[in-house]
Amino acid sequence: MSVFSGLTRKTLFSSVSAERRKKEHDCYLKNGSAVLEELLALCDGNCRIPIRYFSAIEIHNAIKYSKCRINLSDVYITGSLDNHLVLVRFNRCRLNNIHRDIAVTAQMSHLKNVLRLVGCCLEFEQLVYEYVEENCYYLEDGNRLRIANEVASAIVFLHTEFTTPIIFKDLNPSNVIIDQNSGVGKILDFSLSISLPPGKLEVVKDITSRNGCLAPEYAISGIVTQKADVYSFGVVLLQLLTGEKMSTLNIEDPEYI
C-alpha cells in the first residue's frame, strides 16, 4: 500500500493558476520526499498506518466556515473532511521539523494516548488529526494521576519501541491535550524529537525548545539524553497535580523538591 493514500491528479492540481499549481506540486514533492526519508530512518519505511494526503483546496474547504480554534504550541482549527470532524494544525514555529512530526506520529497513532494523525497537506505543511473536545487541566483530582500515567506511557513508547530511542525533547503542557469526552490525555507534536545514534546514550544538539520544562543539563551543555524527557515530565506532572500554570510555579521552591 502506498504511504500516501488518496492521491489523485485531480486533487493534486486543484488550484486555478498554472504558477500556483507548479508551486504546490514542487512543495508536494519536496515535503513528500522529506517525510519518506524520516520514515526510512525511523522504521525502514514500514509505516504502521497509511498517511492520507489532502490537497490544499480540500483543507481550505474543510475549515472555511470554522469558528473554533485551539491554541497550543501551534494553532488547531476545527474542520470537516468526509463528513468527519477533524483538527487541522497550522505550523507557526520555524523550529518545527514537520516531516519528522508526521513520521513519528504515524508510527504512534495506534496508541490511545497519542492524538491520532488522519493525514496531511504537503503543499503547506498542515497536519490533520482526529477531532477531540479539549478540556485542558480542568480535572477532577482522581483523573490527574491517570492522565500523567497516559503521558508517561507515550514517552516510554518513544524511548523503547523504535529501532533507536527517540527523545521527545519538548514535552510541556501545551503538548498535552485532554479529550473532554473520553478524559484521555493525548500527547502531540513530535517535531522537535530526535533519535539517539545507534549504540549511544546521548547526543549533542542545539538548544531548541519552546517551553520552560527544559532539563538544566541540556540547557547548560546541549547534551540530550532520555533523562531530559524525565525532567520535563516531572514539570508536567507538577502542573497536573497542583492545577497551577507553569508561569506561576517555582520549581526551585523547596516545597517541590
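Summary table
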read-out: Computed Rg/Rh of the stretch 165-242, alpha carbon atoms with Kirkwood Rh; value: 1.00
read-out: Cross-link pairs Lys64/Lys169; Lys112/Lys200; Lys30/Lys186; Lys186/Lys227 - those with Cα-Cα distance over 23 Å; value: Lys64/Lys169; Lys112/Lys200; Lys30/Lys186
read-out: By average C-beta atoms within 10 angstrom, highest first, the peptides 180-187, 99-106; value: 99-106, 180-187
read-out: Peptide ranges 121-128, 21-28 listed from the most packed, as the mean C-beta count within 10 angstrom indicates; value: 121-128, 21-28
read-out: Long-range HN-HN contacts of Glu134 with modeled amide H, under 5 Å; value: Gln180
read-out: Highest average packing first - 60-66, 147-153, Cβ atoms within 10 Å; value: 147-153, 60-66
read-out: Global geometry of the stretch 56-184, whether rounded, prolate or oblate, following the gyration tensor of its Cα atoms and the 1.5 cut on a/c; value: oblate
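Each reported figure results from applying straightforward, stated rules to the coordinates on display, with no laboratory input. What you are looking at is a predicted structure, and each value in this text was computed from that prediction instead of being measured. FYI the Cβ positions are ideal-geometry reconstructions off the backbone, even for glycines, and counts take in every protein chain you see.
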